[in-house]
Amino acid sequence: MSRAGGRLDGRAANGDAVGRVRGAEVSRSIVVERPRHHRLVRGAVPEPGKGEVLVRVAAAGICLSDREVYDGRRDAGYVHYPVVPGHEWSGTVAAVGAGVDPALVGRKTVAEGFRACRECERCRAGETSLCTSGYAETGFTEPGGFADHLTVPAALLHPLPDDADLRAAALLEPAAVVAAAVRAGRPRPGERIAVVGAGTLGLLAVQLLAAAEPTELVVVDPRSGRRAQALRFDASAVCTPEQAAKRNGCFDLVVETAGARSTAASSCLLARRGGRVVLTGMFPPGAAGIDPVHLSLSQLEIRSIFGAPSSAWSYAVRAFGRGLLDPAPLITHEFPLEGFAEAIALVGDGDPGTGKVLLCP
């Protein structure tokens, strides 16, 4: 794999940037101009503006949301073409703009995706994923990590330990979503917990939920390979959706991660009366609805998760730094930027051997 790059200069240039990258006049990026049409573009290394940092990308994960962007299946309000995708990424701070601490240069980091205003009522309450100032997110409306470099507001950074595995750290964005789900679900020691789906979100959820010391941690997935992997991730038991249906009404907490047509409804059936259900999957149009009669009679508490607030990012990064969260075993494929077409084709193709796919510039 080729790498655009050069040495870092720690001196300020023109008073507006520190740690400028020299010898890197060209920075590559994958630009999706419109659905099903992309180009590998070469241009100048972006300059960090006031309050921003320039990050040299180490790895960027491809998820189903990126496939939706590529195929044109994402809601028009949540993507702006042309766009450089990539909301799951990790890298190293290469330069900082005016007003940003120069000590950040050289730090390994990840960053929140939502460009929250941090001023509205929701943001001031810590609910940055519910910002009322309008939707903006790295990789969907702002240039993302399918590139050699990207710029992000310094306020969104979550620096990592010096010895952090940046390949694994690229999965901290889905880990933050899972952290938001776990915090919403409030797992307690001794509870019976079910995780519906054993994809990236589901397996990361197993790692975080296992730390809560449940009596039972069951993973539901139709794929035998994913069920086997869930056991390696500390699930106490696994089952198919058909087997799970025989245990409807048994679980204190159900964390849904699959986003399949029937899993919102089936997850509610798994929960006991007075139980808790957290929905994290992105459901397709026409997905089965939740039975309102069952919901009323069972007195369920239901939460949905879209993205992650700052507190969930901090939770995930701390868990990663302490070794409670290890996303590395989920990675099955790595490609250079030039291999984007092959990489995106793997995501969502149904191959049970495909886990997390990375682009490594």
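Values quoted throughout were computed directly from the atomic coordinates according to the rules given, and no laboratory measurement underlies them. What you see is a predicted model; the values in this text were computed from it and never measured. With ideal geometry, Cβ positions are generated from the backbone for all residues, glycine too; neighbour counts draw on all protein chains shown.
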remark   = In whole Å, largest first, the alpha carbons of the stretch 133-175 cover along the principal axes 36, 21, 19
Where GluC sites (Glu not before Pro) in DSSP loops with at most 16 other Cβ within 10 Å are excluded, longest remaining stretch of the chain = 128-361
ask   = Translational D (Stokes-Einstein, µm²/s) of the chain at 10 °C and 1.306 mPa s when Rh comes from the Kirkwood sum over C-alpha pairs?
value = 76
inquiry  = Over the Cα atoms, compute the radius of gyration (one decimal) and Dmax (the largest Cα-Cα distance, rounded to a whole number) for the stretch 29-113, in Å.
reply    = 14.6, 41
query = According to the square roots a ≥ b ≥ c of the eigenvalues of the Cα gyration tensor, what is the shape class of the stretch 240-361, taking rounded for a/c under 1.5, prolate for a/b larger than b/c otherwise, and oblate for the remainder?
reply = prolate
request  = Calculate, in nm to one decimal, what Val293 and Ser133 gain on full extension: separation in residues at 0.36 nm each, minus their alpha carbon distance.
outcome  = 54.0 nm
key: Amide H partners (placed H, <5 Å) of Glu52, local residues excluded   = Gly97, Ala98, Ala154
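Cα convex hull of the stretch 58-102: mean projected area in nm², to one decimal?
The directionally averaged projection comes out at 4.6 nm².
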ask   = With Rg and the Kirkwood Rh both taken from Cα atoms, where does Rg over Rh land for the stretch 293-361?
value = 1.15
ask   = For the stretch 101-193, what Kirkwood radius comes out of the mean inverse Cα-Cα distance, in Å?
value = 15.3
Relative contact order [Cα under 8 Å, 6+ residues apart], the chain, whole percent = 17
request  = Largest first and to the nearest Å, give the Cα extent of the stretch 186-267 along each principal axis.
outcome  = 30, 26, 19
request  = List the residues whose amide H sits under 5 Å from the amide H of Ala136, counting only those 5 or more places along or on another chain, with H placed 1.01 Å from N in the peptide plane.
outcome  = Arg115
task = Determine which aspartates and glutamates satisfy two conditions relative to Lys50: a Cα distance under 15 Å, and not lying fewer than 8 residues away in the same chain.
result = Asp16, Asp101
key: Built amide H within the under 5 Å cut-off of Arg303, gap 5+   = Val277, Val278, Leu279
request  = In whole Hz, with x marking every Gly and Pro, tabulate ³J(HN,Hα) for the stretch 138-146 from phi via Karplus 6.51 cos²θ - 1.76 cosθ + 1.60, θ = phi - 60°.
outcome  = 4, x, 10, 10, 10, x, x, x, 7
